[in-house]
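Here is the structure we will look at, set down as structure tokens.
Just so you know, all these numbers are worked out from the coordinates, no wet-lab data involved. Not measured: the values here are computed from a predicted model. Reconstructed Cβ throughout: ideal geometry from the backbone, glycine too, with neighbour counts over all protein chains shown.
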Amino acid sequence: MAGNLGTPGVGVAQRLFAVLDCFTPDASTLNLTEISLRSNLPISTTRRLLGDLTEWGALERLSNGSYRIGIRLWEVGALARRQRDLREAALPLMHDLTNATGETTQLAVLQGHEALCVERITASSAVPNKTQVGGRLPLYATGVGKCLLAFAPPELFSTVVDNGLERLTPFTMVHAGRLKQEIMRVRESRIAYSREEMTVGAASVAAPIVTHNERLIGSIGVVVHATANLQHLAAAIKMASMTIARACRSPSLAD
């Protein structure tokens, strides 16, 4: 996190958020020293904030002295009606897609400059992938991400390009002009493909979830083996996205 949060003038709330921001799907359990380093806070300040967060239930302290996210944050997060309603509408379709393909189905929403995975259904035969619920994915290298980028405000594309298109695999699309053409095609066809651009051996096909007035809600995609016929899955993914969008035409999601 930018800046020295240990300096005077930085609010308590900002320091609390800095501590919570240390936890990620790849770092779900951290000790005092790790949190202090990640948050750029002094050990004494970090210890005090950890005590407050643990007492409230935002964090849990394990027997070995490390910390993890507590159930209280999950309870608060569950009150986010937009994502809750989206998940409830999408889950039956996601189960159908996973049962039909034997692969992983993902549901994502736009979060800043990334795609945030809010739900994931997988099968024992699914191609391995690192995405977890709560994990973030690059917009330019994933099927669900490309869908979000295609229907997001146009200035987001420039921001993503300016931030750098990291080559995640030999197949990642890192040329801005080519990516722009791809995003335009996604907006027109309402289907996106990622062919080993995020993970070698894995591909994905996804569709945006948009309302009747073109408001972006999220995106749904299936991650498959790279040898799979992606076009064969496109119609099913697009139908699922349209069904979810119709179910989400409540004021909380559509307006």
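For a paramagnetic label modelled on N229 (point 7 Å from Cα along Cα→Cβ), amide N atoms under 20 Å away belong, within the range 185-204, to 191-196, 202-204.
Using a Förster distance of 25 angstrom, determine the FRET efficiency expected from the C-beta separation of T24 and V174, and round it to 0.05. Don't skip to the answer; put the middle values down first.
Numbers: r = 24 Å, r/R0 = 0.97.
Efficiency computed from Cβ-Cβ geometry: 0.55.
Considering only V186, V160, V118, the Gaussian network model of the chain with Cα springs below 10 Å gives its largest mean-square fluctuation to V160. Of the residues T211, T169, V224, the one whose Cα sits farthest towards the positive end of the charge dipole of the range 149-249 is T211 (charges of +1 on Lys and Arg Cβ, -1 on Asp and Glu Cβ, taken about the Cα centre).
Among (i) 0.94; (ii) 1.01; (iii) 0.98, which is the computed Rg/Rh (Cα atoms, Kirkwood Rh)? The value computed from this structure is option (ii).
Placing a label point 7 Å from the Cα of R187 along the Cα-to-Cβ line, the residues of the range 203-217 whose backbone N sits under 19 Å from it are 206-217. With both labels modelled 7 Å from their Cα along Cα-to-Cβ, the R215 to E166 distance reads 3.3 nm.
Computed across the range 105-255, the Kirkwood hydrodynamic radius from all distinct Cα-Cα pairs reaches 15.2 Å.
For the range 157-255, which trypsin sites (Lys or Arg not before Pro) are in a loop by DSSP, counting at most 16 other Cβ atoms within 10 Å? Before the final figure, lay out the partial values.
Working: sites: R167, R178, K180, R185, R187, R190, R195, R215, K238, R246, R249; in loops: R167, R190, R215, R249.
Here the sparse-neighbourhood loop sites are R167, R215, R249.
Using Cα atoms only, what is the angle between the long axis of helix 230-247 and the major principal axis of the chain, expressed in degrees (0 to 90) to the nearest 10? So the helix axis and the longest Cα principal axis differ by about 70 degrees.
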